[in-house]
Amino acid sequence: HTDQSTFSFFIDEHGRLHPIDEADPSLSTFFVEHVPPPRQGKNFLAFVCDRELIHISRVKLYIKTTSETGEEHLRLVDPIETLKQTPTSCGVTPENPLLVTVELAPDGIGMRHRDDATRPLPLALRASRAMGGAVVGFIRKLTGSGGGTSSSDLRQRSAARAY
């Protein structure tokens, strides 16, 4: 079924992913042909955001990868990374969907509202994260590190981004 792709929405709470709606853990499916070539991460996100009425500033795309030791990792997809659709690719089967995180801040009583997803993140928050991402990218180039993100790495990154 490489002509279709599946995805599910999650909220990233300090590195732990939770379905955006606990009462509806369903997956969505779309035909990959609807994503414009070259089918990069940013193309997938733009398609999903347009379809689901979510502002692009609120989302990130992750895929599951498996290390040589068999440990599963979540890896943030680079916006210019081309996503190949092979029978074993992330997003091809419901058992291994693309993971889309949506940033929704809790209101005064701790509730998250799906309607907030239609509005962009505040400019100051987007700018600070862009600057932080540039610094992380620079450090990775210097140290030669890269690759996947373990769940503990994701938790640490989320804690560092907390505002």
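Derivation of every value follows stated rules applied to the coordinates shown; laboratory data play no part. This structure is a prediction, so every number in the text was calculated from the model and none was measured. Glycine also receives a Cβ, built like all others from the backbone with ideal geometry; neighbour counts cover every protein chain displayed.
Key figures
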{"read-out": "Net lengthening on full extension, His18/Asp3 (0.36 nm per residue, minus Cα-Cα)", "value": "2.7 nm"}
{"read-out": "Inter-label distance for His113 and Ser57, nm, one decimal - labels placed 7 Å from Cα along Cα-to-Cβ", "value": "1.8"}
{"read-out": "Estimated FRET transfer efficiency when R0 is 41 angstrom, pair Ala105-Thr69 (beta carbons, to 0.05)", "value": "0.70"}
{"read-out": "Stretchable slack from Asp50 to Phe30, in nm (0.36 nm times residue separation minus alpha-carbon distance)", "value": "5.9 nm"}
{"read-out": "Anisotropy class of the stretch 39-97 from Cα gyration tensor, a/c 1.5 cut", "value": "prolate"}
